[in-house]
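K.L.:
The structure is given below, and queries will be raised subsequently.
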Amino acid sequence: MDIFQAFILGIVQGLTEFLPVSSSGHLLLVRDIMGITGDYIFFDLMLHVGSLLAILITMYNPIVKLFKPPFGQAILIAIASIPAIILGFCMRSTISTVFGDAKYLTFFFMFTAIMLLVCQWLSNKIGDKGKQEVDIKTAVCMGLAQGVAIFPGISRSGSTITGGIARGANRQAVAIFSFLMSIPIILGGALVEAMGDGVLDNIAISQIIVGGMSSFASGFLAIKVMLKLIAKADFKWFSLYLAILSIICFFVYFL
């Protein structure tokens with residue numbers, strides 16, 4: 001992998017982390033298109049850290065509130081993080097081995113496309129009735145949805161937002177909570193990988209810096225776009241995009 005490829009992957013990560021199209025799936029697909037092989041788990045996590053900085057800036061006020069008594073929101077985020085942590089710890093290596101092939105994106109992209117249509121239908125059906133804030137039941141539902149998104153091609157933001165809207169919560173509150181939920185997952189994953197042996201064997205520091213910076217810039221833009229989209233609950237174009245991408249993957253990898 002060269003600097004230009006690291007830059008492109010950073011842009012892909014930043015945009016797709018917060019838009020409901022699956023960052024892990026797009027990173028896997030783009031790497032496959034570029035012919036990049038090898039273990040780049042740590043590089044991927046550093047791209048996530050770049051997009052995490054975008055969250056810390058745009059979500060500054062909600063993050064500050066997490067550390068103010070009675071710490072209700074922080075407790076809910078901790079609860080919501082449990083399913084993904086358990087699944088990630090128990091199944092991550094298995095999922096990487098079994099579903100690490102780009103051909104499986106055919107199915108997971110289509111799954112996300114259908115899920116986004118369901119999300120839009122639910123949001124339109126609930127309408128102004130969805131006034132409640134995120135409570136413990138909503139947090140658990142969103143946490144379980146985040147756990148499902150461990151599969152590459154299934155959108156984390158799309159899954160968690162769908163889970164929150166299905167519970168009838170306020171769309172804007174769900175979007176903000178979804179962004180905040182990504183913080184402990186990204187930090188925890190980066191810490192685990194950083195403690196491993198040989199994590200930098202396949203990647204140069206310069207590539208990590210370039211990838212991280214482009215991920216931050218594109219992630220900052222994606223958050224702004226997503227906050228506007230969730231207010232309108234308009235996911236049909238993302239659903240159409242993923243459906244088309246799924247069909248293309250089917251023709252490329254199975255025919």
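The values are calculated or read from the model by the stated rules, or taken from the named source; none is laboratory data. For clarity, every value in this text was computed on a predicted model and none was experimentally measured. For neighbour counting, all protein chains shown are included, and Cβ atoms are generated from backbone atoms with ideal geometry for every residue, glycine included. These area figures cover heavy atoms from the full protein model, side chains too; ligands, DNA and RNA do not enter into them. Shrake-Rupley method; radii C 1.70, N 1.55, O 1.52, S 1.80 Å.
K.L.:
Given the options Leu229, Leu200, Leu191, name the one that is at pLDDT below 90 and closer than 19 Å to Thr16 by Cα.
P.N.:
Details: Leu200 fails: closer than 19 Å to Thr16 by Cα; Leu191 fails: closer than 19 Å to Thr16 by Cα.
Unique residue meeting the criteria: Leu229.
K.L.:
Moving on to the next point. List every residue pair whose Cβ atoms lie under 7 Å apart, where the two residues are 6 or more positions apart in sequence or sit on different chains, the first residue falls within region 157-170 and is farther than 22 Å from Glu17 by Cβ, and the second residue, located anywhere, is assigned to a strand (DSSP E or B) and of a type outside the set (A, V, I, L, M).
P.N.:
Matching pairs, first to second residue: Gly168/Gln132; Asn170/Gln132.
K.L.:
Here's a follow-up. Considering every residue within region 150-167, establish whether at least one is over 20 Å from Arg31 (Cα atoms), open to solvent by 70 Å² or more (accessible area, probe 1.4 Å) and modelled with pLDDT under 85.
P.N.:
no
K.L.:
For Phe107, state whether it is more than 19 Å from the chain's Cα centre (by Cα), of a type in the set (A, V, I, L, M, F, W, C) and open to solvent by 70 Å² or more (accessible area, probe 1.4 Å).
P.N.:
Criteria not met by Phe107.
K.L.:
Looking at Leu47, Leu56, which is the one that is open to solvent by 50 Å² or more (accessible area, probe 1.4 Å) and in a helix (DSSP H, G or I)?
P.N.:
Leu56
K.L.:
I've got another one for you. Determine if region 9-18 includes at least one residue that is out of contact with any Pro (no Cβ under 8 Å at 6 or more places or on another chain) and open to solvent by 30 Å² or more (accessible area, probe 1.4 Å). Let's see the steps before the verdict.
P.N.:
Initial filter on region 9-18 (out of contact with any Pro (no Cβ under 8 Å at 6 or more places or on another chain)): 9-18.
Those left that are additionally open to solvent by 30 Å² or more (accessible area, probe 1.4 Å): 11, 15.
Scanning region 9-18 turns up at least one residue that is out of contact with any Pro (no Cβ under 8 Å at 6 or more places or on another chain) and open to solvent by 30 Å² or more (accessible area, probe 1.4 Å).
K.L.:
Next up: Hey, among Asp101, Asp128, which residue is of a type outside the set (Lys, Arg) and modelled with pLDDT of 85 or more? Break it down stepwise before answering.
P.N.:
Values: Asp128 fails: modelled with pLDDT of 85 or more.
Only one candidate passes the filter, namely Asp101.
K.L.:
Scan region 67-88 for residues that are more than 20 Å from Ser157 (Cα to Cα) and in a helix (DSSP H, G or I) and report the count.
P.N.:
Residues flagged as more than 20 Å from Ser157 (Cα to Cα) and in a helix (DSSP H, G or I) within region 67-88 amount to 1.
K.L.:
Please work out which one of (1) open to solvent by less than 60 Å² (accessible area, probe 1.4 Å); (2) assigned to a helix (DSSP H, G or I); (3) closer than 25 Å to Ser246 by Cβ is the condition Ile33 fails and give its number.
P.N.:
(1) is the only condition that Ile33 fails.
K.L.:
Which condition breaks for Ser22 when tested against (1) buried (at least 19 other Cβ atoms within 10 Å of the Cβ); (2) of a type outside the set (A, V, I, L, M); (3) modelled with pLDDT under 90?
P.N.:
(3)
K.L.:
Considering only region 109-133, state which residues are in contact (Cβ under 8 Å) with a residue 60 or more places away in the chain and of a type in the set (Val, Ile, Thr).
P.N.:
Hits for region 109-133 are Thr112, Ile114.
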